[in-house]
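First comes the structure, then the notes that go with it.
The values are calculated or read from the model by the stated rules, or taken from the named source; none is laboratory data. Every value quoted in this text rests on a predicted model; they were computed, and no experiment measured them. For neighbour counting, all protein chains shown are included, and Cβ atoms are generated from backbone atoms with ideal geometry for every residue, glycine included.
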Amino acid sequence: MMIDAECSAYLSSLQARGLSETTIRRRKGTLARFLRHLAERGIYEPSAVTREHVDTYLLFLTQEYRTAQGKPISVHHLRSYHESLKGFFGWLEKKGTILQSPYGLKTLPPLPWPPSLPEVLTPEETLQVLEAVKPNTAMGLRDRSILELLYSTGIRRRELVTLNLSDFSFERAELLIVNPKGKKDRLVPVGEAARRYTETYRRLVRPWMVCGQQEKALFVSHRGGGRLSSRSVSKIVLHAAQASGVTKRISPHSFRHAMATHLLRNQADLRHIQAILGHAQITSTELYTHLALEDLKEVVRRSHPHGKSKKKLE
């Protein structure tokens, strides 16, 4: 089978494993560029790809590649290429298409430390975005429920759209988040505001929107009554952000960052935040300790008598 056909089959396997649309789209793009690189050298069969081909391409990305703005490739973008090539050729080796993967590195390029920090909404800004959506219409109530749930639980956009009605225990204020990647499912608490809005949506709006009794999705589209898409959730967040007047860049993931940061600022244990977010490694959750440190630095700059540099030292 030609390498481009194998690539299509690999991407389909990722979809079957439940990887997010963003991950699949990113791997598709990086692999397509690598396949063009191979085609320019007359290589069209997986078995013809050597370690030298892969190493030369990765070296080109590291040393010579420039973006449309003339900048070198970022470490995060470079890691995407490594992950795509490692995953693709590892998959070919596992299913017996090639004898050995030509991707030779055992570890990915290290991320910079401390990591680049996302711009986090303050509690006041978060409330401003939430209250920009008025729950006095059917769609308004659905959208407010979605925003409240994003902020209350730190749920990912993909996890939110895969929620079924049976996953939400309104009596116990608990949400079961089923992980489609084969990792552990997790049970998270739901705050009172999110529980109240979502229960009202379930009773008054969902029966009117849903297309039939067989639909399992918690959140459904007002057009057709089927499961709400990830793109629709992004649009809901975008419209709320624009209506709120908050100028920061806001996405569904912004509520996840905000929730974790606000919990940490209010003395929540890092392990508890890790469990709610579903991080396999505590190092992923430790990002929020750096966000809290930036808060402390700002307090010192603003409040300490010697926190501001007024003139150069003599």
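Looking across R231, R249, R256, one residue alone is under 18 Å from the mean Cα position of the chain (by Cα), farther than 24 Å from E174 by Cα and part of a helix (DSSP H, G or I). It is R231. Restricted to the range 50-65, and to residues that are over 27 Å from the mean Cα position of the chain (by Cα) and not in a helix (DSSP H, G or I), which residue is nearest to K106 (Cα to Cα)? Restricting to residues being over 27 Å from the mean Cα position of the chain (by Cα) and not in a helix (DSSP H, G or I), the top hit is T50.
When we screen T67, T126 for residues that are closer than 23 Å to S232 by Cβ, polar (S, T, N, Q) and touching a His at 6+ places or on another chain (Cβ under 9 Å), the only hit is T126.
Against the test of being on the phi > 0 side of the Ramachandran plot and modelled with pLDDT of 90 or more, the options G182, G245, G191, G226 yield a single qualifying residue, G245.
Each residue in the range 9-42 was checked for being surrounded by fewer than 16 Cβ atoms within 10 Å (Cβ to Cβ), of a type outside the set (D, E, K, R) and assigned to a loop (DSSP other than H, G, I, E, B), and 2 of them qualify. Only a single criterion out of (1) touching a helix residue (DSSP H, G or I) at 6+ places or on another chain (Cβ under 6 Å); (2) crowded, with 16+ Cβ neighbours inside 10 Å; (3) not assigned by TED's automatic domain parsing to the domain that holds R206 is not satisfied by G87, namely (1). One residue stands out among those in the range 137-161 that are within 13 Å of H253 (Cα to Cα) and of a type in the set (A, V, I, L, M, F, W, C): the one that is surrounded by the fewest Cβ atoms within 10 Å (Cβ to Cβ), which is L160. Residue pairs whose Cβ atoms lie under 6 Å apart, sitting 6 or more positions apart in sequence or on different chains, and linking a residue in the range 66-92 that is over 12 Å from P109 (Cα atoms) to a partner that is part of a loop (DSSP other than H, G, I, E, B) and aromatic (F, W, Y), are I73/Y65; L85/Y103; K86/Y103; F89/Y103. Can you confirm whether L176 is over 27 Å from R249 (Cβ atoms) and of a type in the set (A, V, I, L, M)? Yes.
Quick check, is V220 of a type outside the set (D, E, K, R) and within 30 Å of A16 (Cβ to Cβ)? Here the answer is yes, as V220 does meet what is asked.
Go through the range 190-210 residue by residue and tally those that are surrounded by fewer than 13 Cβ atoms within 10 Å (Cβ to Cβ) and either free of Cβ contacts under 8 Å to residues at least 60 places away in the same chain or of a type in the set (F, W, Y) (or both). Qualifying residue count for the region: 4.
Scanning the range 30-55 for residues that are touching a His at 6+ places or on another chain (Cβ under 9 Å) and without any contact (Cβ under 8 Å) to a residue 24 or more places away in the chain turns up H37, R41. Scan H239, H222, H262 and give me the residue that is within 20 Å of R144 (Cβ to Cβ), part of a loop (DSSP other than H, G, I, E, B) and not aromatic (F, W, Y). From the options H239, H222, H262, the qualifying one is H222.
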